[in-house]
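Working notes for the structure below.
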Amino acid sequence: MLVLGIETSCDETGVALYHSEQGLLAHALYSQIALHAEYGGVVPELASRDHIRKLLPLVDEVLEKASLSKADIDAVAYTKGPGLIGALLVGACTGRAIAMGLGVPAIGVHHMEGHLLAPQLEDSPPPYPFVALLVSGGHTQLIEVQALGEYTLLGESLDDAAGEAFDKAAKMLDLDYPGGPRLAAMAEQGEAGRFKFPRPMCDRPGLDFSFSGLKTFTLNTVTKHALDDGLPDDQTCADIAHAFQEAVADTLVIKCRRALEQCGMKSLVIAGGVSANTRLRQKLEAALAKMGAKVFYARHEFCTDNGAMIAYAGCQRLLAGQSETLAVEVRPRWPM
Ligand code: KG4
Ligand code: ZN
């Protein structure tokens, strides 16, 4: 079965072709980062309009890359939510229309399930069951995964998501949107140990997170060391970035270890934009090796938003027998 996958939930237009036997055949991504950069964040209406401009050309591009034609498509999967409503509608309407024109089924996929399953696109996929840490711009969740569709929420952020905290801390350090990867790059120049940031909610039991206090701590540190232009000197900025990243990564590691112990599992999947963070991966690998457990993640380009994860998740859902009516439905808010 050849599935066309479409992702338009936020600021990336992602399209891919996944074949149930042959694997991923082609994928293409158009990032709107440059479009939104001057506003310091995603402008929803601009995002929708740009998805409209880019989506169909990307569909043609992946078909050409795979030397296939539209007639070869057996099903269409698109992101149904959560995300920006206008952006989601572009993908949903286009996906449904393509499917209807071809007389094939279409299926709406949960964006976070797409992230969750993305590591299965790699050569050594995680075996079920596993614990998953979903860390993106909008979500920080620990989930017990027994099988496809069998998900139990173990804990989540009570306020900001980890990616959101990265982006906000980056803004305080005057880094451009999207700040997460830029802060991570700056942290590499930072001196270890100059600042010690808190590891929130780690001294009490449970698997929930809170990152808003860390954000305030970062702001206070920046303000305390600010020079006349409102920012600390370059080295101090890097030291703050370093301390911030260590605190977020340590906090996530502590909770992941706890979740694995609680579930009696040895496999951890990390997914979503923040799972691209090299320091987080290093720390998790070291911590999990000590407990005889293993961490799985997708290649960098499939950690952040992409069409391949949607094509893959849609294909798994269809193979499991799921089907949908012709209604175009999107869900800007949608618990997994
Ligand atoms: O999964 P994603 O692409 O979109 C959402 O579904 O939210 O995640 C985007 C988030 C942003 O907050 C971005 O700053 C963060 O992931 N991110 C990173 C890194 N790469 C992306 N955060 C820290 N380190 C990175 N290397
Ligand atoms: Zn995402």
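The values are calculated or read from the model by the stated rules, or taken from the named source; none is laboratory data. Since the model is a prediction, treat every value here as computed from it, not as a measurement. With ideal geometry, Cβ positions are generated from the backbone for all residues, glycine too; neighbour counts draw on all protein chains shown. Ligands, DNA and RNA are stripped out before the accessible areas are found, and what is left, the full protein with its side chains, is counted by its heavy atoms. Shrake-Rupley method; radii C 1.70, N 1.55, O 1.52, S 1.80 Å.
Each residue in region 168-192 was checked for being modelled with pLDDT under 95 and either open to solvent by 60 Å² or more (accessible area, probe 1.4 Å) or farther than 26 Å from Gly41 by Cα (or both), and 1 of them qualify. Taken over region 193-214, the residue count meeting the criterion of being charged (D, E, K, R) and at pLDDT 95 or above is 4. In region 223-234 there is at least one residue matching the filter, namely being touching a Leu at 6+ places or on another chain (Cβ under 7 Å), exposed (fewer than 15 other Cβ atoms within 10 Å of the Cβ) and more than 16 Å from Phe166 (Cβ to Cβ).
Residues in region 5-34 that are among the acidic types (Asp, Glu) and open to solvent by less than 10 Å² (accessible area, probe 1.4 Å): Glu7 alone.
Residues that are part of a loop (DSSP other than H, G, I, E, B) and away from ligand 1 (no atom under 16 Å from the Cβ) were ranked within region 251-276; the one that is farthest from the chain's Cα centre (by Cα) is Gly264.
You will find that of Glu61, Glu38, the residue that is open to solvent by 10 Å² or more (accessible area, probe 1.4 Å), under 27 Å from Ala169 (Cα atoms) and acidic (Asp, Glu) is Glu38 and no other.
Taken over region 145-158, the criterion of being buried (at least 16 other Cβ atoms within 10 Å of the Cβ), more than 13 Å from ligand 1 (Cβ to nearest atom) and free of Cβ contacts under 8 Å to residues at least 60 places away in the same chain is satisfied by Glu156 alone.
Name the residue that is surrounded by the most Cβ atoms within 10 Å (Cβ to Cβ), counting only residues in region 133-144 that are more than 9 Å from ligand 1 (Cβ to nearest atom) and within 17 Å of the chain's Cα centre (by Cα). Only one residue tops the list, namely Thr140. Among the residues of region 116-132, is any open to solvent by 30 Å² or more (accessible area, probe 1.4 Å), within 15 Å of ligand 1 (Cβ to nearest atom) and touching a Lys or Arg at 6+ places or on another chain (Cβ under 8 Å)? Within region 116-132, none of the residues are open to solvent by 30 Å² or more (accessible area, probe 1.4 Å), within 15 Å of ligand 1 (Cβ to nearest atom) and touching a Lys or Arg at 6+ places or on another chain (Cβ under 8 Å). May I ask you to verify whether Phe209 is closer than 20 Å to Ile270 by Cα and either of a type in the set (A, V, I, L, M, F, W, C) or surrounded by 21 or more Cβ atoms within 10 Å (Cβ to Cβ) (or both)? Against the criterion (closer than 20 Å to Ile270 by Cα and either of a type in the set (A, V, I, L, M, F, W, C) or surrounded by 21 or more Cβ atoms within 10 Å (Cβ to Cβ) (or both)), Phe209 qualifies. Please verify whether region 270-284 includes one or more residues that are hydroxyl-bearing (Ser, Thr, Tyr) and closer than 14 Å to Leu133 by Cα. Checking region 270-284: at least one residue is hydroxyl-bearing (Ser, Thr, Tyr) and closer than 14 Å to Leu133 by Cα. Screening region 302-336 for residues that are over 26 Å from Ile33 (Cα atoms) and among the β-branched types (Val, Ile, Thr) and picking the one that is farthest from the chain's Cα centre (by Cα) gives Thr325.
Of the residues examined, Leu260 is not one that is more than 23 Å from Lys171 (Cα to Cα), free of Cβ contacts under 8 Å to residues at least 60 places away in the same chain, open to solvent by less than 10 Å² (accessible area, probe 1.4 Å) and out of contact with any Cys (no Cβ under 6 Å at 6 or more places or on another chain).
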